[in-house]
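Worksheet for the structure shown next.
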Amino acid sequence: SIKTMFERKKYKSFARTQLSGRWGVPVIVTLFVTIILRIFGIPEIIQLYKTGYFTALIKLDWQGISVAAQDANPSLFSTLIQTIVDAILSVASINVYLKMSRSPEPVSFSDFIEGFNNWARAILAVSWQILWIFLWTLLFFIPGIIKAIAYSQMFYIIVEYKDVSITKAMRISMEITKGHKWDLFVMYLSFFGWDLLSLFTLGILQFWLLPYKNMTYINAYHALIKEAIESGRLKPEDLSE
């Protein structure tokens with residue numbers, strides 16, 4: 001079987017080219033997503049305030065921070081709602097990045113809005129994903145991480161191929177990530193320096209960093225699909241039913 005190299009640097013370089021002159025919409029989308037997630041995170045912030053987390057943070061009282069964070073443990077319902085909202089926003093964002101990856105034409109905020117049509121598939125996908133990651137994590141923490149990477153391409157598949165079922169999208173994701181889980185892990189880790197730098201900008205850098213990450217991830221996804229088809233592990237008809 002054909003096995004191509006996973007060209008992380010190429011995906012990142014191409015992402016910068018794809019974003020050149022088209023940063024506007026991805027940055028606005030990132031800002032919008034951040035605001036929505038912050039709104040849904042308000043109950044958690046209130047809880048942290050009540051437990052004295054922020055007071056301990058100002059005083060740099062590490063023990064106090066730890067105790068307050070444990071006391072402010074968010075409810076399962078609150079976590080579930082945030083996870084679902086995050087999934088819906090993720091697939092809406094993917095709609096923008098997929099369009100950018102296919103054509104050099106300008107994208108608009110309406111491409112993001114159009115992505116909300118996938119809300120039901122987003123909820124089903126994240127639920128199915130969490131269930132399996134949870135089951136694998138019961139074995140040990142590491143298998144949970146490995147499986148999370150194996151399922152990482154699901155959202156791209158359900159957005160790009162509307163006829164592919166959620167369970168099939170998971171199987172395809174597992175197939176195309178075979179032999180590349182470590183490559184994907186290293187790619188995610190390669191942005192760590194930027195994330196660290198972002199802390200010094202109070203997170204403002206993230207509005208440009210997240211589009212850069214997402215565009216890189218989309219390029220890697222396209223390469224994984226292409227390789228799986230060329231090696232015969234994935235048939236084109238698998239993506240149309």
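The values are calculated or read from the model by the stated rules, or taken from the named source; none is laboratory data. In this text, all values refer to a predicted model and were calculated from it rather than measured experimentally. With ideal geometry, Cβ positions are generated from the backbone for all residues, glycine too; neighbour counts draw on all protein chains shown. What goes into the accessible areas is simple: the full protein's heavy atoms, side chains included, and nothing from ligands, DNA or RNA. Shrake-Rupley method; radii C 1.70, N 1.55, O 1.52, S 1.80 Å.
Remarks
- Within the option set W194, W208, W182, being over 29 Å from V25 (Cβ atoms) and either open to solvent by 80 Å² or more (accessible area, probe 1.4 Å) or basic (K, R) (or both) holds for one residue only, W182.
- Taken over the range 211-241, the criterion of being open to solvent by 30 Å² or more (accessible area, probe 1.4 Å), hydroxyl-bearing (S, T, Y) and modelled with pLDDT of 90 or more is satisfied by Y217 alone.
- Residues that are among the hydrophobic types (A, V, I, L, M, F, W, C) and over 15 Å from I218 (Cα atoms), drawn from the range 151-180: V164, I166, A169, M170, I172, M174
- Hey, I81 in a helix (DSSP H, G or I), within 20 Å of L202 (Cα to Cα) and not acidic (D, E) or not: no
- Looking across the range 164-176, the residues that are in contact (Cβ under 8 Å) with a residue 24 or more places away in the chain, over 15 Å from K226 (Cβ atoms) and not in a loop (DSSP other than H, G, I, E, B) come down to I166, T167, K168, A169, M170, M174.
- Test: residue in the range 137-151 that is open to solvent by less than 40 Å² (accessible area, probe 1.4 Å), within 24 Å of E237 (Cα to Cα) and in contact (Cβ under 8 Å) with a residue 40 or more places away in the chain: no
- Single unsatisfied condition, F6 versus (1) at pLDDT 95 or above; (2) open to solvent by less than 40 Å² (accessible area, probe 1.4 Å): (1)
- Among the candidates G179, G193, the residue that is among the small types (G, A, S), closer than 26 Å to K10 by Cβ and assigned to a loop (DSSP other than H, G, I, E, B) is uniquely G179.
- Within the range 98-132, considering residues that are closer than 25 Å to D183 by Cα and open to solvent by 40 Å² or more (accessible area, probe 1.4 Å), the one nearest to the chain's Cα centre (by Cα): I130
- Some residue of the range 107-130 being in contact (Cβ under 8 Å) with a residue 60 or more places away in the chain, over 19 Å from R233 (Cα atoms), β-branched (V, I, T) and not in a helix (DSSP H, G or I): yes
- The residues in the range 46-66 that are assigned to a helix (DSSP H, G or I), out of contact with any Phe, Trp or Tyr (no Cβ under 9 Å at 6 or more places or on another chain), surrounded by fewer than 18 Cβ atoms within 10 Å (Cβ to Cβ) and of a type outside the set (K, R) can be counted, and the count is 8.
- Scan of the range 16-45 for residues that are open to solvent by less than 40 Å² (accessible area, probe 1.4 Å), farther than 25 Å from T83 by Cβ and part of a loop (DSSP other than H, G, I, E, B), ordered by number: R22
- Residue under evaluation D71, criteria (1) exposed (fewer than 14 other Cβ atoms within 10 Å of the Cβ); (2) out of contact with any Ser or Thr (no Cβ under 8 Å at 6 or more places or on another chain), criterion not met: (2)
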